[in-house]
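Just so it is clear, none of the values below were taken in a lab; they were calculated from the coordinates. Nothing here was measured: the structure is a model prediction, and the numbers come from that model. Using ideal geometry, Cβ is built from the backbone for each residue, glycine included, and neighbour counts are taken over all protein chains shown.
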Amino acid sequence: MSVSVALPLDGPSVPPADGGPAGRLVVFLHGYGADGTDLISLAPIFAEHFPDAAFHAPHAPFPCEVMAGGRQWFSLAAVHDPALMTGDPAKMGAAFAALERDSRSVLPTLDATLDGLLDHYGLPADRLALVGFSQGTMMALLCAPRRAEPVAAVVGFSGSLLSPASLPTETRARPPVLLVHGDADDVVPVSRARQALPVLKAAGFNASLIEVPGLPHAIDDTGLDAAIALLERIWNA
């Protein structure tokens, strides 16, 4: 059963497992080449711990340029480097500037979708958690700090921080951030999370990183358990 809400970005949804009104909201932001159906499958796992939570997984706004039927939050074609995330950011300034520009262009649409969901359920920002994977993590880390009110938390799997230089001056809200990354990730290497962590901390975020031994570009039980534990600490405090 899905929830019908008119939003800038549509996608699959799951209503609260307890059958009552939503008391919390989890929004999943999928990775490059996937769509909302990829991460909405995590909803039952979270619902075991948060039965009053509604779950939404919006499709990214653009068709994926390399994967038929998939979606993307922003293009990677402009940088002409499929191995961009494995490169040295210090030597790829123009490429990362292009990624930052394109990702920022999506922020108004993502923000409007989150605002629409909060309005629909009548919830304050601190009842919203953002859970991203890969490119979805990049969008979550770009979006959440720049919103007027802090969300409950950001959980970012296998992602990267695209705008480290502007974070200190553009941050408006500082939700807790949990990064989870496999040390065998050959798509977005764990070094990207290691670089993001001190930047987030220096900007005043309560941020942590869990490195999962042997995990490739994926989500496993270790990361899910850590994400649920974080939300339990925040929401059940």
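For the chain, what is the per residue volume of the convex hull drawn over the alpha-carbon atoms, in cubic angstrom? Let's see the in-between values first.
Values: hull volume 26.5 nm³, N = 237.
About 112 Å³ per residue, rounded to a whole number.
For region 118-135, take each phi angle, set θ = phi - 60°, evaluate the Karplus expression 6.51 cos²θ - 1.76 cosθ + 1.60, and give the result in whole Hz per residue in order, putting x for glycine and proline.
Computed from phi, the couplings for region 118-135 are 4, 5, 4, 8, x, 10, x, 4, 6, 9, 10, 10, 9, 10, x, 10, 6, 5 Hz.
Give me the net charge for the shell around Phe50: Cβ to Cβ below 13 angstrom, other residues only, Lys and Arg +1, Asp and Glu -1.
Here the charged neighbours net out to -1.
Pick out which of Ala227, Ala57, Ala165 has the largest mean-square fluctuation in a Gaussian network model of the chain, springs linking Cα atoms closer than 10 Å.
Of Ala227, Ala57, Ala165, the most mobile in the Gaussian network model is Ala165.
Can you give me the long-range amide H partners of Ala207? Hydrogens built in the peptide plane at 1.01 Å from N, cutoff under 5 Å, separation of 5 or more residues or another chain.
Here Val177 satisfy the definition.
For the pair Asp126/Asp221, report the inter-label distance in nm, with labels modelled 7 Å from Cα in the Cβ direction.
3.4
Against the longest alpha carbon principal axis of the chain, how many degrees, from 0 to 90 and to the nearest 10, is the axis of helix 190-202 turned?
Rounded to the nearest ten degrees, it is 70.
If R₀ is 35 angstrom, what is the calculated FRET efficiency for the pair Thr109 and Ala202, using the beta carbon separation as r and rounding to 0.05?
0.75
Rounded to the nearest Å, what's the spacing between the alpha carbon centres of region 221-237 and region 1-43? Just the number, please.
About 18 Å separates the Cα centre of region 221-237 from the one of region 1-43.
Any chance you could run the full-extension gain for Met67 through Ala6? It's 0.36 nm times the residue separation minus the Cα-Cα distance, nm to one decimal. Intermediate results must be reported in sequence, preceding the final value.
On the way: separation 61, 0.36 × 61 = 21.96 nm, distance 2.68 nm.
Extra length from Met67 to Ala6 when fully extended: 19.3 nm.
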